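Input: a single structure, listed below in structure tokens.
The numbers here are math on the coordinates, done by the rules we state, and not lab data. None of these values were measured; they are calculated from a predicted model. Here the Cβ is made from the backbone with ideal geometry for all residues, glycine too, and neighbour counts use every protein chain on show.
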Amino acid sequence: MQLSLPLNLAQQDEETSTIFERIKGCKSLPILSPLASKILQMCQNEETEASELANIISQDPGMAAQILFMANSGYYGGSRHKVTSIVQAVTLLGFSSIANLALSFCFYRLIKDMKEISTSGIDHVKFWRRSILASVAGRAIGKHFAYPDAELMYLGALLQDIGILALNEVALKEITIFQEQDQDNHANLQQLELEHLGVDHQQVGAWLAQHWQLPEEFQVAILYSHAPELFETPPDFQSLVDTVALSGIIADIWINPHTEAAIALAREKSQGRLTVQPEDWEPILGHIMTGIPQIASFFHTRLGNFEEMTHVHRLALKHLSSSKPLQST
């Protein structure tokens, strides 16, 4: 199926077309590694053997080590016996999880490389923290509601803001101004982009996912990550789209310094097509807090002070699991 993404340059206005032309011609555009692309193709091929996939992954010792780490972690259920080989890991986790972990690790490297570039309009640390927290939140929602595509939700949530990276490369001046104007409110970023660039990071991210030849599920999830209510077809992607959109809002509970405002927004946005009841929040937030240290270890990063994050968790749990409206202090 060919998605009707709003990325046909011939149908865009001049300002939008110019931005996309600059992106297409950008030499420093984020690039998905050939190894990640190969692993993704193999995972989508029903004829691929676990041993073949393991051999490809083993070509990258760093990736192999991290996949083994996750195969032995409680985040993926762990194993009664220690997993010591990539073949075991592939068999235990399954192709879907392996593909997501491989892509996640490659995305981590991409962010790490871009972070080292001195000229940047975005806070890469904050960008990365939000991406990781959103990925954990996406998987937590998927697992709680027993969605069959919880692993897709994890990666879709992780990649939902990749368009910001591309815009940072081709519209550095504007992105810097946007960050300075409203650095704490991610929701306002989209409006600023549309007003000044004629395109938002969701459209750019969907185009980049297309450029990387990622599955259509990810293209759609990225495109509608700020406006899931506009998504209609295909219906099989609905839970993915709604979960990815909510995952970023949940991540902002820990990212936005205005914690109570972020909690209130999460409560509001969780009452749409994807409805999270008060009693759902305790297991969802609990899964997030359990997953944070293990995902942080996977990405060799620190997501913040644990005591502060625990305090935010307790505050969010108090308000989201209550039927009473949130009272501002």
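How do Ser323, Ser37, Ser85 rank when sorted from fewest to most other Cβ atoms within 10 Å of their own Cβ?
Numbers: Ser323 7, Ser37 17, Ser85 13.
Starting with the residue having the fewest Cβ neighbours, the order is Ser323, Ser85, Ser37.
Cut-off is 10 Å between beta-carbons; in what order do Met114, Met63, Met153 appear when sorted fewest neighbours first?
Working: Met114 18, Met63 24, Met153 31.
Listing Met114, Met63, Met153 from fewest to most nearby Cβ atoms yields Met114, Met63, Met153.
Please compute, for the alpha-carbon atoms of the stretch 75-151, the extent along each of the three principal axes and give them in descending order in Å.
Reported extents, whole Å, longest axis first: 46, 31, 18.
Separation of the stretch 48-73 and the stretch 79-116 by C-alpha centroid, Å?
If we compute the Cα centre of each part, the gap is 6 Å.
Just the ratio, please: alpha-carbon radius of gyration of the stretch 29-116 over 2.2 N^0.38 Å, N its number of residues.
On the way: Rg = 12.9 Å, N = 88, 2.2 N^0.38 = 12.1 Å.
So the stretch 29-116 has a normalised radius of gyration of 1.07.
Ignoring the sites themselves, what is the longest stretch of the chain with no GluC sites (Glu not before Pro) in a DSSP loop and at most 10 other beta-carbon atoms within 10 Å?
Values: sites that count: Glu46, Glu47, Glu116, Glu232.
Longest gap between qualifying sites, sites excluded: 117-231.
Per DSSP helix of 4 or more residues, -39500 (n - 2.57); summed, then divided by the residues of the chain. What does that give at 222 nm, rounded to the nearest 500? Please list the in-between numbers first.
Working: 17 runs with 216 residues, N = 329.
Helix-only estimate at 222 nm: -20500 deg cm²/dmol.
Using a Debye calculation, one point per C-alpha and no hydration shell, please list log10 I(q)/I(0) for the stretch 258-329 at q = 0.11, 0.21, 0.29 Å⁻¹ in order.
-0.30, -0.96, -1.34
Excluding the sites themselves, what is the longest stretch of the chain that contains no trypsin sites (Lys or Arg not before Pro) in a DSSP loop with at most 13 other C-beta atoms within 10 Å? Could you put the intermediate results ahead of the total?
Values: sites that count: Lys27, Arg80, Lys82, Arg273, Arg302.
Result for the longest clean stretch: 83-272.
At 7 Å along the Cα-to-beta-carbon direction for both Leu172 and Leu194, put a label point, then send me their distance in nm to one decimal.
2.9 nm
Out of Ile31, Gln59, His81, whose Cα points farthest toward the positive end of the dipole of the stretch 29-116 (charges: +1 Lys, Arg; -1 Asp, Glu; placed on Cβ)?
Towards the positive end, the residue furthest out is His81.
What list do you get for Val241, Val87, Val125 if you sort them by fewest beta carbons within 10 Å? Could you put the intermediate results ahead of the total?
Working: Val241 26, Val87 18, Val125 12.
Least crowded to most crowded, the residues run Val125, Val87, Val241.
Please report how many Lys pairs in the chain have alpha carbons closer than 17 angstrom, counting only residues at least 8 apart along the chain or sitting on separate chains. Before the final figure, lay out the partial values.
Details: Lys27/Lys115; Lys112/Lys126; Lys115/Lys126; Lys269/Lys324.
For the chain, qualifying lysine pairs total 4.
Which parts of the stretch 227-258 would a label at Glu279 reach, counting a residue when its backbone N lies under 13 Å from a point 7 Å out along Cα-to-Cβ?
The answer is none.
Can you run phi through the Karplus equation (6.51, -1.76, 1.60; θ = phi - 60°) for the stretch 190-200 and list ³J(HN,Hα) in whole Hz, with x for Gly and Pro?
Each residue of the stretch 190-200 in turn: 4, 5, 5, 4, 5, 5, 9, 10, x, 8, 10 Hz.
Given that just one value was derived from the coordinates, which of (i) 17.1; (ii) 18.3; (iii) 20.8 is mean projected area of the Cα convex hull in nm²?
Computing mean projected area of the Cα convex hull in nm² and matching it to (i) 17.1; (ii) 18.3; (iii) 20.8 gives (i).
How far apart, in nanometres, would the label points at Lys82 and Lys27 be if each is projected 7 angstrom from Cα along the Cα-to-Cβ direction?
4.8 nm
Read phi for every residue in the stretch 144-157 and hand back ³J(HN,Hα) as whole Hz from Karplus 6.51 cos²θ - 1.76 cosθ + 1.60, θ = phi - 60°, with x for Gly and Pro.
Rounded to whole hertz, the list is 4, 8, 6, 6, x, 10, 4, 6, 5, 5, 4, 6, x, 5.
Once each part is reduced to its C-alpha centroid, what is the distance from the stretch 159-204 to the stretch 253-318 in angstrom?
Here the answer is 24 Å between Cα centres.
Give me the net charge for the shell around Ala209: Cβ to Cβ below 13 angstrom, other residues only, Lys and Arg +1, Asp and Glu -1.
Values: positive: none; negative: Asp161, Glu216, Glu217.
In short, -3.
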